[in-house]
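Everything on this sheet refers to the single structure shown next.
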Amino acid sequence: MDFKGMDILSTEQFSRGDILHICDVAKSFEPVAQKKETSDILKGCVMASLFYEPSTRTRSSFETAMARLGGRTVTVIGEADSSLSKGETLYDTGKMMEAYADVIVMRHKIVGSVAEMALGASVPVINAGDGHGQHPTQALLDIYTILKEKGRIDGLKIVMAGDLKYGRTVHSLLLLLRHFDVKLVFASPAALKMPAEYENFLREKNIPFEVTENFGEAITGADVLYTTRVQRERFDDLEEYERLKFAFVVTRAFLEEFNPDITIMHPLPRVGEISLDVDELPGAAYFRQAANGVPVRMALLAMVMGKV
């Protein structure tokens, strides 16, 4: 598709061809991301970075991507320091920000909030995470990471583990993986299982998947483990969070017993669900995964602004 002027709101909007094209463009930006080359294709362009919910990797990598391509950023952090705290609607914020910026990147705690801003803004709006809903740019960098680490996606067995109920990263990735010939395994405590809407979607598309509470069994013979933290901020009952937060922990001993060669991914931050002794394993890809956010977000920024 033609990405110029497009809002990036959900992984549901991408075809297989779109996904692979984004990955190809991201690959072309790798030398710039790694500071081996320079680029000014976004010189004179401004990105509005609106993060009403905490972020380290997503915000930093978007702002780094913009800077590496010669553009500039204006930033708003936290709802309390914005006019939203005065009652301004997201629609009106979008109308205002289009006068200041060429592209808007936004994170918010409420599902559908980014789409509301996009209705008001005439410039492209990119969803950097809306509550437990979607995180499309994370899913795209996850696909890019799998391709780099494994050389392919078709034919892989991919385990999603941890908080599958609230995890917007696994929901978004699942919707991209539907375009590939993969076997999916969902491993979680029953209280954090994949929502029925996603399981029903996979059944409708005739995409095979398994559900289990046995973590060791899940990763045996798998190619990729995509594990997530249990998200404290999504729980109303903190006792329930405390009960579940370390239900599935990845340690070196666990991997050596069940699958020492598996590739381990995590959207980060980790809060105890991957032990430090895993970091030195060749398959520990999560920090490489985080770094991949820069070229992928470079690609998206350049594409929606019609520069590539």
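Within segment 151-174, can you find the residues that are closer than 19 Å to Phe14 by Cβ and surrounded by fewer than 21 Cβ atoms within 10 Å (Cβ to Cβ)? Across segment 151-174, the qualifying residues are Arg152, Asp154, Leu156. From the list Val304, Val308, Val224, Val278, the one residue that fits, being aliphatic (A, V, I, L, M), more than 21 Å from the chain's Cα centre (by Cα) and more than 22 Å from Thr56 (Cβ to Cβ), is Val308.
One residue stands out among those in segment 96-150 that are in the same structural domain as Leu192 (by TED's automatic domain parsing) and of a type in the set (Asp, Glu): the one that is nearest to Thr58 (Cα to Cα), which is Asp142. Taking first residues from segment 146-170 that are at pLDDT 90 or above and partners that are assigned to a strand (DSSP E or B) and surrounded by fewer than 18 Cβ atoms within 10 Å (Cβ to Cβ), the Cβ contacts under 7 Å between residues at least 6 apart in sequence or on separate chains come to Lys157/Lys183. Of the helices (runs of 4 or more DSSP H) that lie entirely inside segment 11-102, those containing 2 or more residues that are over 20 Å from Ile146 (Cα atoms) span 57-68, 90-97. Exactly one residue out of Lys4, Lys27, Lys43, Lys35 is without any contact (Cβ under 8 Å) to a residue 60 or more places away in the chain, on the phi < 0 side of the Ramachandran plot and of a type in the set (Lys, Arg): that is Lys43.
Residue count for segment 97-121, restricted to those that are touching a Ser or Thr at 6+ places or on another chain (Cβ under 6 Å), more than 19 Å from Gly167 (Cα to Cα) and either basic (Lys, Arg) or surrounded by fewer than 24 Cβ atoms within 10 Å (Cβ to Cβ) (or both): 1. You will find that of Arg68, Arg72, Arg59, the residue that is surrounded by 15 or more Cβ atoms within 10 Å (Cβ to Cβ) and under 16 Å from the mean Cα position of the chain (by Cα) is Arg59 and no other. Every condition in (1) in contact with a strand residue (DSSP E or B) (Cβ under 6 Å, 6 or more places away or on another chain); (2) in contact (Cβ under 8 Å) with a residue 24 or more places away in the chain is met by Glu63 except one, and the failing one is (2).
Is it true that some residue in segment 122-143 is crowded, with 24+ Cβ neighbours inside 10 Å, assigned to a helix (DSSP H, G or I) and among the small types (Gly, Ala, Ser)? Yes, some residue in segment 122-143 is crowded, with 24+ Cβ neighbours inside 10 Å, assigned to a helix (DSSP H, G or I) and among the small types (Gly, Ala, Ser). On the basis of being in the same structural domain as Thr228 (by TED's automatic domain parsing), more than 19 Å from the chain's Cα centre (by Cα) and touching a residue at least 24 places away in the same chain (Cβ under 8 Å), does Phe209 make the cut? Yes; evaluated as a whole, the condition is true for this residue.
Please indicate, with yes or no, whether at least one residue in segment 77-96 is buried (at least 22 other Cβ atoms within 10 Å of the Cβ), closer than 15 Å to Met305 by Cβ and of a type outside the set (Ser, Thr, Tyr). No; the residues of segment 77-96 include none that is buried (at least 22 other Cβ atoms within 10 Å of the Cβ), closer than 15 Å to Met305 by Cβ and of a type outside the set (Ser, Thr, Tyr). Filtering segment 46-93 to residues that are on the phi > 0 side of the Ramachandran plot and touching a Lys or Arg at 6+ places or on another chain (Cβ under 9 Å) leaves only Gly70. For Gly129, the stated conditions hold: it is among the small types (Gly, Ala, Ser), modelled with pLDDT under 95 and touching a Lys or Arg at 6+ places or on another chain (Cβ under 6 Å).
The values are calculated or read from the model by the stated rules, or taken from the named source; none is laboratory data. This is a predicted model, so every value here is computed, not measured. Positions of Cβ are generated from backbone atoms using ideal geometry, with glycine treated the same way; all protein chains shown enter the neighbour counts.
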